[in-house]
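Since the structure comes first, as structure tokens, the remarks are kept for the end.
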Amino acid sequence: MIDVREITELHAHTVALWHREEVSNPCIGFLQAVCLQHTFNYLLWHEEDVARSPNVGDERIAAVKRAIDGYNQKRNDGIEALDAFLLNELATRKIVPQAGARQNTETPGSTIDRLSILSLRRYHMQEQADRADASAEHRAKANDRLKILAEQHHDLSTSLSELLDDIFAGRKRLKVYFQFKMYNDPTMNPYLYKKG
């Protein structure tokens, strides 16, 4: 069975680690897919920080925008890969949905993506709460937000655990929902294919 605590611990550990060392993926199996998907959220987060800086020139912004598009594509591909991995695991275990099994609006892969982003938000909010150069009011605001983020993390983690339990018991159905992102595809993006 998939252990949600392992997923969230991986997210928190790697966010802290990658701020000190190069991005790496030492995991195997499902956690390797989780870590890979999380990598693109990490890289995306930091490119978006650069994109919002008023002190960055147009040439750098153009490069950042292209990087953001690429990471976002890989992030979405990673979500689909997580759900595909779970479908394969269900097939391997010969688990089929019960008659009348319902389907959630969000897949486990999408929820894991949200938890990944939440781990980044919590890490960076903690940085704000710990800033020695910030006002007491700023740090208090960050600490208040950390409490809310912790509650959201708990709720989302619990919901994912329940969803996975239901899927692996056959009480819920799982499908991979393909994003079919068009902007990076030169045959689908009108601006690209019309330029010929």
Give the number of residues within segment 67-94 that are in contact with a Gly (Cβ under 9 Å, 6 or more places away or on another chain) and aromatic (Phe, Trp, Tyr).
1
Select, from ARG145, ARG122, ARG139, ARG131, the only residue that is buried (at least 17 other Cβ atoms within 10 Å of the Cβ) and within 25 Å of ALA12 (Cβ to Cβ).
ARG122
State whether the residues of segment 92-105 include one that is surrounded by 15 or more Cβ atoms within 10 Å (Cβ to Cβ) and at pLDDT below 95.
yes
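Among the residues in segment 131-139, are any among the polar types (S, T, N, Q) and more than 13 Å from the chain's Cα centre (by Cα)? Walk me through how you get there before you give the answer.
Just the residues of segment 131-139 that are among the polar types (S, T, N, Q), to begin with: 135.
When the remaining residues are screened for being more than 13 Å from the chain's Cα centre (by Cα), the result is 135.
Yes, segment 131-139 contains at least one residue that is among the polar types (S, T, N, Q) and more than 13 Å from the chain's Cα centre (by Cα).
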Yes or no: segment 45-55 includes at least one residue that is of a type in the set (Asp, Glu) and surrounded by fewer than 17 Cβ atoms within 10 Å (Cβ to Cβ).
yes
Right, ASP83: over 19 Å from VAL176 (Cα atoms), among the acidic types (Asp, Glu) and either in contact (Cβ under 8 Å) with a residue 40 or more places away in the chain or surrounded by fewer than 15 Cβ atoms within 10 Å (Cβ to Cβ) (or both) or not?
no
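Among what's in segment 1-37 and is assigned to a loop (DSSP other than H, G, I, E, B) and of a type in the set (Asp, Glu), pick the residue that is nearest to ILE167 (Cα to Cα).
The qualifying residue nearest to ILE167 (Cα to Cα) is ASP3.
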Could you grab the pairs with beta carbons closer than 8 Å, sequence gap of 6+ or different chains, first residue in segment 48-77 and among the basic types (Lys, Arg), second one modelled with pLDDT of 85 or more?
LYS74/PHE40; ARG75/GLN37; ARG75/PHE40; ARG75/ASN41; ARG75/LEU44; ARG75/ASP113
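The values are calculated or read from the model by the stated rules, or taken from the named source; none is laboratory data. The structure presented is a predicted model; accordingly, all values stated were derived computationally and were not measured. Don't worry about glycine lacking a Cβ; one is built from the backbone with ideal geometry, like all the others, and counts go over all protein chains shown.
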